[in-house]
Each structure stands twice: as structure tokens, then as C-alpha cells.
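The next block holds one structure in the form of C-alpha cells; read it before the comments.
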Amino acid sequence: MQSLLELFRDAGLPDAAAKPLVVIGLFAAAGVVARVARLLARWVESRAAAVSLDSPLIALARRETAVSLIYSSVAILGYLVAVSLSLVAVTGARGLSTLAGASFVAVIVGFAAQRFLIDLIAGFLMFVEGWYTVGSTIVIEPLDLEGVVEEVSLRATTLRDVGGQLIRVHNSQVLAVRVLPDGGHRFELELLAQDGEAGERLLEEVAHVLPVGPTAFTRPLTLRRTQPLDGDLYRVTADATVAAGRSWLAQDLLPTLVKERADDDLIVHGPVVLPSDEQAATRFARAERLLEARRRR
């Protein structure tokens, strides 16, 4: 920095003008570095988007996450270097060690960077532990924010909700994350009917009028099975998956339509809508077997 300032002095430029020029040049260089990093990230993302869906999507999502983190890290590092060198140029310090020795400046920088560093540490740990990747459908707790991960950086996570809005959350505010493995909320509908075939026809009719799409029912209502219980009593079950942020479609709209379209006295009980997940059912069944084995000892 001192050599650059001396170069301006030799050119006849006073310090009052040389120092602002150096600061402007440093931030301009940082902006160019950030811009180049963003262009490289977009280029990699465009190539990733052109990959066939038959390719391993998990590896693709990890690549996009890594690109997002590299871009943000390069941009942050560029601006931090620009700020540090600008302070050196303005204060006339001979090096960063001289600047760091000023206790007042160190205290101010420490308070200003506290939240920033907490975000960086939280983002780094979440990335190392693999909490989620770009393209994951998640629910952030305790903020109850649902959406698809659009961008991941060491400082913040960007979500796109079902309405298309972008939501940016500081990584230090992400206390817990629920990852939706099916890309949405999966539910099981169950009702007790007097006629099994009539119950099946009822659910098939309702399935035809439900909104199906990426932001509604991502998987249409599908019959699972009809189980005879006792006499004229049958349990009819079906599965459905809705997009993140649209749980009300399965919890409110679906049972309302079933009740409205059912014949009189067909439904004995229900319909009941409960969250459903095959992996969860497997894990809970395994835990129950382990508990039973411990009881027998």
C-alpha cells in the first residue's frame, strides 16, 4: 500500500486524493473478483442444469452446493482483503500487525464481526455435516420456513417458498432443519366405511378433482389397500404427497372433499389424515423390536 501511495506522490497527486483512489480501486478489484466468481458459479450451474435426469442427482446437488459456497467465500474474502488494505492505506500503517495493535479499532471490529463470524462458523459446520444441499426441500426451525434450498453460503441460506418468494436466513438462526425426503409432506388418509368398494370409488373420484402439480399435490391420491374388519366394516387407506408449504391441502381440503362427496351413511369414521413415511415406519418398527428384545432378557 505504501509503495502504491508513494507512486501517486511521485506523480504529483496529494495524499488527500491518493488515499481515496486507492480505497476505490481496492473495492473495485473486490467487486471484479466477486463478479468473476458469480459468473463461474452460474456457468457451472448451467452445465449442471443441462445434465440428464438419469444422472446421479445427489452428486449433482453436492456439486451445486460446493459451487455456491466457493462463490460466496471468494466474494467475502475479496471484500475483507479490500477493507483491511483500505484501513492500512488510510491510517498509514506499515502493516496489518500495526493496525491490529490499535485496541480501540480491534474492539470495534470485534463487536461488528461477532454476528458475522457466528454465521460463518455455523454455515461451515452445517456444510461439513451435510445438513442439506442445493435442491433439498427443508423446513427451518424454529422459524417454520418451508421451501427448496436455492443457494447455500457460509453466511446465509436462501430458500424459495411455494409462492416463488426468496427467503434468506442467517445460518446462526438455523437451530434445526427438517429435510423432506420426498420433496414434500407425505400423508396417509384412512377412513372406515360400510362398503369397501364404495369407499374405493369415493377416493378415486376425489383423486380426479384434487390439484396435482409441483406446488400442489406432487403425487396424486393413490389407494393403498382395503382391509375387511368386522362384518360390513372396512378400512380404506390411501397415500398422497403435497408440496412444502401446502400441508393444508392434505389436512383440510382432502378430508372436506371426501366428506362432501360421500354417500349418506357410507363413512363410519374419518377420514383421518396422518403424516406418513416409509423410512420412519421402518425405524420405529426396528426400535420396537429392540425394545421387545430387551424386555425378554
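The values are calculated or read from the model by the stated rules, or taken from the named source; none is laboratory data. These figures come from a predicted structure and were not determined experimentally. Here Cβ is always computed from backbone atoms with ideal geometry, including for glycine, and neighbour counts include all displayed protein chains. The accessibility values were calculated without ligands, DNA or RNA, using every heavy atom of the protein model including side chains. Shrake-Rupley method; radii C 1.70, N 1.55, O 1.52, S 1.80 Å.
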Inset, instruction - Within region 157-178, track down each residue that is open to solvent by 60 Å² or more (accessible area, probe 1.4 Å), in a strand (DSSP E or B) and of a type in the set (A, V, I, L, M). - result: L166
Inset, instruction - With respect to D182, determine if the residue is among the acidic types (D, E) and either in contact with a Leu (Cβ under 8 Å, 6 or more places away or on another chain) or at pLDDT 80 or above (or both). - result: no
Inset, instruction - Exactly one condition in (1) out of contact with any strand residue (DSSP E or B) (no Cβ under 7 Å at 6 or more places or on another chain); (2) without any contact (Cβ under 8 Å) to a residue 40 or more places away in the chain is not met by R225; state its number. - result: (1)
Inset, instruction - Can you give me the number of residues within region 179-219 that are without any contact (Cβ under 8 Å) to a residue 12 or more places away in the chain and part of a strand (DSSP E or B)? - result: 1
Inset, instruction - Filter region 123-153 down to the residues that are out of contact with any strand residue (DSSP E or B) (no Cβ under 7 Å at 6 or more places or on another chain) and of a type in the set (D, E), then identify the one that is nearest to V242 (Cα to Cα). - result: D144
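Within the group E288, E292, which residue is open to solvent by 80 Å² or more (accessible area, probe 1.4 Å) and either in a helix (DSSP H, G or I) or more than 12 Å from G199 (Cβ to Cβ) (or both)? Lay out the reasoning, then the answer.
Working: E292 fails: open to solvent by 80 Å² or more (accessible area, probe 1.4 Å).
Sole residue among the options that is open to solvent by 80 Å² or more (accessible area, probe 1.4 Å) and either in a helix (DSSP H, G or I) or more than 12 Å from G199 (Cβ to Cβ) (or both): E288.
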Legend entry - Selected residue (only one of V272, V236, V212 is of a type in the set (V, I, T), in contact with a strand residue (DSSP E or B) (Cβ under 7 Å, 6 or more places away or on another chain), at pLDDT 90 or above and open to solvent by 60 Å² or more (accessible area, probe 1.4 Å)): V212
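How many residues, within region 136-148, are in contact (Cβ under 8 Å) with a residue 40 or more places away in the chain and open to solvent by less than 50 Å² (accessible area, probe 1.4 Å)?
Within region 136-148, the subset in contact (Cβ under 8 Å) with a residue 40 or more places away in the chain is 136-139, 146-148.
Within this subset, residues satisfying the condition of being open to solvent by less than 50 Å² (accessible area, probe 1.4 Å) are 136-139, 146-147.
Total satisfying the criteria: 6.
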